[in-house]
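Accompanying notes for the structure given below.
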């Protein structure tokens with residue numbers, strides 16, 4: 001005769017003694033009697049077991065293979081399903097006649113929890129990437145950045161750009177600035193004497209001496225400009241912009257400084273007009289304010305040259321046969337070799353170096369142009 005083990009879970013010994021509207025009026029003994037009676041009819045030996053101890057129930061289950069031919073867990077599986085809020089209709093029973101056992105409910109519950117955890121992990125990974133995981137973030141270029149990229153690529157493809165370098169001793173210029181800063185500021189309504197104003201003035205004089213650097217290419221023609229419109233590169237949150245100092249040859253150092261300050265403020269407030277950024281015959285950029293010691297500035301077409309200033313750094317140099325520590329700045333001149341020969345580029349940069357190292361020449365000789373200077377053209381005669 002086959003043996004069937006019926007295991008009754010915790011608290012089933014209280015059946016018939018509590019909440020009969022929920023658990024019914026039949027006691028566990030009545031259920032045991034009915035089960036054994038049914039077993040006799042089916043020629044089965046019914047072994048009835050109940051415990052409030054989960055360990056004892058598990059031990060009894062482990063005896064299944066050795067002593068019993070079948071197992072019914074009743075009604076702990078249904079109770080557990082209720083506790084886990086599991087719809088028993090979704091659980092596949094593995095017991096005799098498809099009965100749902102406690103193990104079936106536990107397995108189903110574990111599979112549900114695992115699926116939920118996987119979903120939560122997946123969502124968490126999307127919202128907050130795991131530490132060390134590499135992430136890509138794709139954003140569209142702004143119109144300004146796209147335009148800058150287009151122009152810079154065109155420079156590399158359409159010009160023969162080269163760069164020549166030199167260094168300048170900033171001692172004299174720094175001493176001049178220190179000596180006259182307070183007086184200059186008072187005389188010009190708070191405008192400070194900066195390095196850029198003197199570099200612009202030195203560049204203007206060098207451009208007059210080497211007009212080919214101030215020229216541009218238009219098709220198969222060379223256009224010599226009889227004026228010096230100097231672009232000053234300004235970095236903004238939206239990108240690099242180059243406002244233009246019109247007719248810089250006619251401006252004093254104070255006027256240059258005031259114009260630079262005003263244009264830079266408008267650039268950072270995104271208030272520059274197209275006219276204020278158009279044209280230009282030469283550009284100056286100062287990577288030194290960000291700590292750059294040396295770079296190769298890129299041309300601003302259709303201009304043929306651009307001057308790069310850099311950070312001032314004290315270093316030893318030889319002066320009259322003696323080693324001295326001086327504040328030195330590296331200068332870089334990028335130029336279009338299609339138009340400007342290497343000799344002219346080098347001599348142009350040396351001219352700027354000499355003027356910066358002797359700033360009295362700039363202040364005394366080139367600060368206030370005479371009416372004759374303003375009308376006299378230094379362009380070569382057309383051939």
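Does segment 254-373 come out rounded, prolate or oblate by the C-alpha gyration tensor, with a ≥ b ≥ c the root eigenvalues, rounded set by a/c under 1.5 and, if not, prolate when a/b is larger than b/c and oblate if not?
Judged from the Cα gyration tensor, segment 254-373 comes out rounded (a/c under 1.5).
Show me 198-205, 157-164, 252-259 ranked by packing, highest mean number of other Cβ atoms within 10 Å first. Intermediate results must be reported in sequence, preceding the final value.
Details: 198-205: 23.8, 157-164: 14.9, 252-259: 19.2.
Top of the packing list down: 198-205, 252-259, 157-164.
Decide, for segment 155-375, between rounded, prolate and oblate: order the square roots of the alpha carbon gyration tensor eigenvalues as a ≥ b ≥ c, take rounded if a/c falls under 1.5, and otherwise choose prolate if a/b is larger than b/c, else oblate.
Verdict is rounded for segment 155-375.
Highest first, please rank the peptides 220-227, 336-343, 138-145, 284-291 by the mean number of other Cβ atoms sitting within 10 Å of their residues.
284-291, 336-343, 220-227, 138-145
Beta carbons within 10 angstrom, averaged per residue: use that to sort the peptides 176-182, 321-327, 231-237, highest first.
231-237, 176-182, 321-327
Where a number appears in this text, it was derived from the coordinates with a stated rule and is not lab data. A quick note: this is a predicted structure, and the numbers were derived from the prediction, not measured. Reconstructed Cβ throughout: ideal geometry from the backbone, glycine too, with neighbour counts over all protein chains shown.
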